[in-house]
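Peer 1: Starting off with a structure, shown below.
The values are calculated or read from the model by the stated rules, or taken from the named source; none is laboratory data. Note that the structure is a prediction, hence the values are computed from the model and not measured. Glycine also receives a Cβ, built like all others from the backbone with ideal geometry; neighbour counts cover every protein chain displayed.
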C-alpha cells in the first residue's frame with residue numbers, strides 16, 4: 001500500500017513562498033546596491049557636512065520665517081566731519097555745529113589703515129547707528145562700524161581708515177547715521193510689491209496655459225494613434241507630432257525663458273511665451289493620451305452611419321474628451337503658477353524676478369515675503385484645481 005505525504009503546514013508554505021520571491025529578485029538587488037553606492041560617490045553625498053554647516057544657514061532661515069509684512073515710518077539723524085586721506089599736510093579744521101548732533105575726530109589727516117577715534121554728541125539716546133565714508137568725487141560710500149548711543153546720546157567708535165580711501169586722495173566725508181522707526185504700522189514696501197507681482201504671476205500662468213492649451217488641442221488629435229489613418233501619411237503625421245512633443249518636453253522652461261528674455265526683453269511677456277511653448281508640448285501629450293483612451297464603441301457606431309472623420313471627431317471624440325481636457329488644463333495652470341516663479345530668475349517676469357533681486361541683495365526678510373506669498377498662492381491653486389477637477393470629471 002503506497003504511503004501518502006503529509007500535507008505541508010501553512011508556516012512552511014509561507015517560508016517557501018518567501019524563498020521563491022527572494023530567489024527571483026536577487027539579481028535586481030545585485031544591480032541596485034552597486035548603483036546606490038555609485039550614486040553616493042558621484043553626488044559627493046556628505047551627511048556630516050550637511051549637519052556641520054547648519055549654523056551657516058541659521059541667519060538666512062531665521063529671516064525666512066520673519067517676512068517683511070508691516071513697517072513704520074523711518075526717521076534719520078546724521079552728522080558729518082571731514083578728514084584728509086592720505087595725509088599730505090594739515091587736515092581740515094573741525095568746526096563746532098553749535099547745536100544738534102556733532103562729530104569729533106581724533107585726527108583730521110591720516111593714511112590708510114591708521115587708527116581713528118570718532119566721537120559723537122547730541123544724538124538721539126539709545127539708538128543704533130553706523131559710520132559711513134564718502135570719498136571725494138565718488139557717488140558710492142563705504143560702510144564701517146556699527147554703534148549704539150548711550151542714555152545721553154553720545155558714542156565713541158574706534159576704527160581704521162579703509163584702504164580704499166587711499167585710491168581717492170582728498171577730503172573724505174565721515175558720516176554718522178542713525179535710523180529708527182516711528183508712526184503707525186502700514187504695509188511694508190516688500191508686501192506691496194509682492195502683492196502686485198504675485199497677481200502678475202497668476203495671470204502670466206493663465207495666459208500661458210490658455211495659449212498653450214488652444215494650440216495643443218489640434219496637435220493632440222494629430223498625435224493620437226486611434227485617430228490617424230493607418231497609411232504612410234497618417235503614420236508620418238503621427239510620428240512628427242509625437243517627436244515634436246518629446247523634443248519640446250525635453251527643453252526646460254528655464255532655458256526657454258532665457259531665450260525669450262533675450263528675444264523680446266525681460267518681463268512677463270517673455271515668461272508667457274516660454275511657458276506657452278512648454279505647455280503646448282506637455283499638455284498636448286496629455287490631451288493625445290486622453291484621446292487614445294476613449295471608448296471606441298461610439299466611434300464605430302458613428303462611422304457605420306457613413307460619417308466622415310470630421311463628423312466622427314465632433315460627435316464621437318469631443319464629448320468624451322471634454323472632462324479630461326478641462327481637468328488637465330486646470331491642473332497645468334497650477335503647474336504653470338509654480339513654474340512662473342522660477343523663470344522669473346532669468347528675466348521671465350512675475351514674482352520670481354523680485355525674489356531673485358532680493359536674494360542677490362541679501363534682503364532675506366523681503367525674500368521671505370515673496371516665498372510665503374508663493375506658498376499661499378500655490379496652496380490655494382492646488383485646492384481650487386482639485387475641487388474643479390472633482391466636479392468636472
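Peer 1: Looking only at segment 162-197, count how many residues are crowded, with 21+ Cβ neighbours inside 10 Å, in contact with a helix residue (DSSP H, G or I) (Cβ under 8 Å, 6 or more places away or on another chain) and in a helix (DSSP H, G or I).
Peer 2: 3
Peer 1: Could you grab me the full set of residues in segment 224-239 that are in contact (Cβ under 8 Å) with a residue 12 or more places away in the chain and either part of a helix (DSSP H, G or I) or outside the structural domain of residue 282 (by TED's automatic domain parsing) (or both)?
Peer 2: Hits for segment 224-239 are 237, 238.
Peer 1: Does residue 88 count as out of contact with any helix residue (DSSP H, G or I) (no Cβ under 9 Å at 6 or more places or on another chain) and at pLDDT 85 or above?
Peer 2: No, not satisfied.
For every residue, the table says whether it meets (1) within 27 Å of residue 244 (Cα to Cα); (2) in contact with a helix residue (DSSP H, G or I) (Cβ under 9 Å, 6 or more places away or on another chain); (3) surrounded by 18 or more Cβ atoms within 10 Å (Cβ to Cβ); (4) in the same structural domain as residue 209 (by TED's automatic domain parsing).
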residue	(1), (2), (3), (4)
294	yes, yes, yes, yes
323	yes, yes, no, yes
339	yes, yes, yes, yes
355	no, yes, yes, yes
367	no, yes, yes, yes
371	no, yes, yes, yes
376	no, yes, no, yes
388	no, yes, no, yes
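Peer 1: Hey, another quick one. Being touching a residue at least 12 places away in the same chain (Cβ under 8 Å), out of contact with any strand residue (DSSP E or B) (no Cβ under 8 Å at 6 or more places or on another chain) and within 30 Å of residue 72 (Cα to Cα) is true for just one of 148, 138, 156, 193. Which residue is that? Talk me through it step by step, then tell me what you get.
Peer 2: Working: 148 fails: out of contact with any strand residue (DSSP E or B) (no Cβ under 8 Å at 6 or more places or on another chain); 138 fails: within 30 Å of residue 72 (Cα to Cα); 156 fails: out of contact with any strand residue (DSSP E or B) (no Cβ under 8 Å at 6 or more places or on another chain).
On inspection, the qualifying residue turns out to be 193.
Peer 1: From the list 119, 130, 143, which residue is under 39 Å from the mean Cα position of the chain (by Cα), assigned to a strand (DSSP E or B) and surrounded by 13 or more Cβ atoms within 10 Å (Cβ to Cβ)? Talk me through it step by step, then tell me what you get.
Peer 2: Values: 119 fails: under 39 Å from the mean Cα position of the chain (by Cα); 143 fails: surrounded by 13 or more Cβ atoms within 10 Å (Cβ to Cβ).
Testing whether each residue is under 39 Å from the mean Cα position of the chain (by Cα), assigned to a strand (DSSP E or B) and surrounded by 13 or more Cβ atoms within 10 Å (Cβ to Cβ) leaves just 130.
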